[in-house]
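First up is the structure itself, then whatever we jot down about it.
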Amino acid sequence: MLRRMNGLGKPLENEGILMLSAKLSAAGREIDAQVPADPDTRTASCKRSMASLLLRRFLLVLHRPLAGRIRENALYYHSRKMSFDSAMALLKPPLVNDTFSYIMLRGGGLFKSCLIHASLALASELLIEIEEHGSGTYRQMLVDAVREARQQWVRRIKFGDPNFRLHMKLSIVLDQAEFAGEEISQLQQQQRMAQSTKESLELCHSLIQEHVISAPTTISSEDNEWISQGLHLACSSEPNLSRECFSLNDILQIHGPDVDESVFDSNMLLL
């Protein structure tokens, strides 16, 4: 499992993936059966949520790479479903005065990385559903889930997380869902994606600036220059921005900077 997550060794065959998936699912059921015995409801809830995170992060990394390949082989439907179920479980709306919700909103490392993986898994499922012209009810559920994921990232930014990429990516995907079915040219599609990017970056920039003003700590001059330059390049000229080629496949990829501005494989941060 660790080799799989870190991209080491040969890719697992379907049988190996199913075997690992079954073991992880069984472990999850065992934990669910044990945790309710705790007399402290809040403590039990936090334990259950933490156990779910520690197990479902493996399921997500195990199945998410295969979920988007269902066009190649219908056998990947199982991975698509497991990826979706794991992402939905990890992206439950935060509860008021809940310890685990607070950790998910403020924590780095595996907490932040899981939020990114789960959010993009749902975004990927939404794009597949749009392409397949699926049912309106299921699509709307996915739209609501992606919106919730984006809102959770807004909360992280309000707490000072300077990573705007996930919010930008989810905004582009939601824009695609809003205008699904319309007959538009590729240029018009690119312009809409560019506009979504611009609006997302403007919102994130305003949120991080509000945090800088209200927080007791100060932002470094280098970080402030980076934020300002990034917003300027994206928003200074819409015609120039619309000439850039946006790729949905690239949007759904997770690179090191998406997680913590490092050069390492983001999967490593799930360990």
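The values are calculated or read from the model by the stated rules, or taken from the named source; none is laboratory data. All figures in this text were calculated on a predicted structure; none of them were measured in a lab. Positions of Cβ are backbone-derived with ideal geometry, glycine not excepted, and every protein chain shown enters the neighbour counts.
Look through ASN97, ASN73 and report the one residue that is surrounded by fewer than 17 Cβ atoms within 10 Å (Cβ to Cβ), over 22 Å from the mean Cα position of the chain (by Cα) and at positive phi. Of ASN97, ASN73, the one residue that is surrounded by fewer than 17 Cβ atoms within 10 Å (Cβ to Cβ), over 22 Å from the mean Cα position of the chain (by Cα) and at positive phi is ASN97.
Any residue at all in the stretch 128-144 that is within 26 Å of ARG165 (Cβ to Cβ) and crowded, with 22+ Cβ neighbours inside 10 Å? Yes - at least one qualifying residue is present in the stretch 128-144. Tallying residues that are charged (D, E, K, R) and more than 15 Å from the chain's Cα centre (by Cα) within the stretch 76-94 yields 2. Of the residues making up the stretch 119-150, those that are free of Cβ contacts under 8 Å to residues at least 40 places away in the same chain and among the small types (Gly, Ala, Ser) number 3. Of the residues making up the stretch 177-194, those that are loosely packed, with under 15 Cβ neighbours inside 10 Å and not in a loop (DSSP other than H, G, I, E, B) are GLU178, GLN186, LEU187, GLN188. Among the residues of the stretch 72-110, the ones that are part of a loop (DSSP other than H, G, I, E, B) and either within 18 Å of GLN152 (Cβ to Cβ) or not charged (D, E, K, R) (or both) come to 11 in all. Select from the stretch 175-188 the residues that are modelled with pLDDT under 80 and among the polar types (S, T, N, Q) and write down the one among them that is farthest from LEU127 (Cα to Cα). Restricting to residues being modelled with pLDDT under 80 and among the polar types (S, T, N, Q), the top hit is SER185. Tell me yes or no: at least one residue of the stretch 147-165 is under 19 Å from ARG80 (Cα atoms), surrounded by 21 or more Cβ atoms within 10 Å (Cβ to Cβ), aliphatic (A, V, I, L, M) and at pLDDT 90 or above. Yes, there is a match, as at least one residue in the stretch 147-165 is under 19 Å from ARG80 (Cα atoms), surrounded by 21 or more Cβ atoms within 10 Å (Cβ to Cβ), aliphatic (A, V, I, L, M) and at pLDDT 90 or above. Name the pairs whose Cβ atoms lie under 8 Å apart, with the first residue in the stretch 36-47 and under 20 Å from ALA89 (Cβ atoms) and modelled with pLDDT of 60 or more, the second loosely packed, with under 13 Cβ neighbours inside 10 Å and of a type outside the set (A, V, I, L, M, F, W, C), and 6 or more positions between them or separate chains? Once the first residue is under 20 Å from ALA89 (Cβ atoms) and modelled with pLDDT of 60 or more and sits in the stretch 36-47, its partners that are loosely packed, with under 13 Cβ neighbours inside 10 Å and of a type outside the set (A, V, I, L, M, F, W, C) give ALA44/PRO36. Here ARG69 meets each of (1) over 27 Å from THR41 (Cβ atoms); (2) assigned to a helix (DSSP H, G or I) with one exception, condition (2). Would you confirm whether any residue within the stretch 224-242 is at pLDDT 55 or above and not acidic (Asp, Glu)? Scanning the stretch 224-242 turns up at least one residue that is at pLDDT 55 or above and not acidic (Asp, Glu).
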